[in-house]
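Student: I am attaching a structure below and will ask some questions about it afterwards.
Derivation of every value follows stated rules applied to the coordinates shown; laboratory data play no part. On a predicted model such as this, the values are computed, not experimentally measured, just so you know. Virtual Cβ from ideal backbone geometry, glycine too; neighbours counted across all protein chains shown.
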Amino acid sequence: MKKDDVPQDLSSLGKITKEVCYATDSNGKYVTELSSGWDVKITALDTAWGDIEKRIAAAKQQVIDGKASPLLFFIEYRLMDIAILAGYTGFWKWQIKRHLNPNVFKSLSDKKLQKYAEAFNIKVEDLKTMTVHED
């Protein structure tokens, strides 16, 4: 593709970041050019974020229904899984799975809750109430 043909379709990430693409200049040599995105990529990203938002909403509903602890919500919200959370907290994966039970979660010590809060970059009270503060 020629340098002038590099797509510049504005996406939701276009104001935050740009992608490096390779194109040919007027002399036919390869050069790098910044692109703010293109339609196909925008559609794929929007679909992926839509799926993530559905998973977060489903996790929140499970917590509200008493089927899971707030850990599930924050795991989804922070785009983590149990293995990643285990790495951040030092808990075993089986312990985290157990802590996903709302009754077990309610009995966790402040020290354990603090580890989870630090992993999610929130306060313990926000962990308990599923409160998200956007910065």
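Student: Counting each DSSP H run of 4 or more residues in the chain as -39500 (n - 2.57), what helix-only mean residue ellipticity at 222 nm follows after dividing by all residues, to the nearest 500 deg cm²/dmol?
Tutor: It comes out at -15500 deg cm²/dmol, rounded to the nearest 500.
Student: For the pairs 3/54; 54/106; 18/93, note any where the Cα-Cα span goes beyond 28 Å.
Tutor: 3/54; 18/93
Student: Label residue 61 and residue 129 with points 7 Å out from Cα along Cα→Cβ: what is the distance between them in nm?
Tutor: In this crude spin-label approximation the distance works out to 2.5 nm.
Student: Let me ask something else. Neighbouring Cβ atoms within 10 Å as the yardstick, rank 133, 99 fewest first.
Tutor: So the residues, fewest neighbours to most, are 133, 99.
Student: For the chain, with a Gaussian network of springs between Cα atoms less than 10 Å apart, report the residue from 114, 61, 95 with the top mean-square fluctuation.
Tutor: Evaluated over the chain, the most mobile residue of the options is 95.
Student: Projecting each Cα onto the charge dipole of the range 86-135 (Lys/Arg +1, Asp/Glu -1 at the beta carbon, about the Cα centre), which of 116, 90, 130 comes out farthest on the positive side?
Tutor: Checking the options against the dipole of the range 86-135, the answer is 90.
Student: Identify which of 72, 113, 34 has the largest mean-square fluctuation in a Gaussian network model of the chain, with springs joining Cα atoms closer than 10 Å.
Tutor: In this elastic network of the chain, the residue with the biggest mean-square fluctuation among 72, 113, 34 is 34.
Student: Enumerate the helices in the chain for which the Kyte-Doolittle hydropathy averages -0.5 or more and the C-alpha atoms extend at least 24 Å along the helix's axis, using complete DSSP H runs. Don't jump to the answer; show the numbers that get you there.
Tutor: Working: long enough: 39-64 (37 Å, -0.03).
The qualifying helices are 39-64.
Student: Also, quick follow-up: Where does the chain land on Rg(C-alpha)/(2.2 N^0.38 Å)?
Tutor: Numbers: Rg = 21.1 Å, N = 135, 2.2 N^0.38 = 14.2 Å.
Rounded to two decimals, the normalised Rg is 1.48.
Student: Go through the range 100-135 and name the trypsin sites (Lys or Arg not before Pro) that are in a DSSP coil and have 16 or fewer other Cβ atoms within 10 Å of their Cβ.
Tutor: Working: sites: 106, 111, 112, 115, 123, 128; in loops: 123.
Filter output for the range 100-135: 123.
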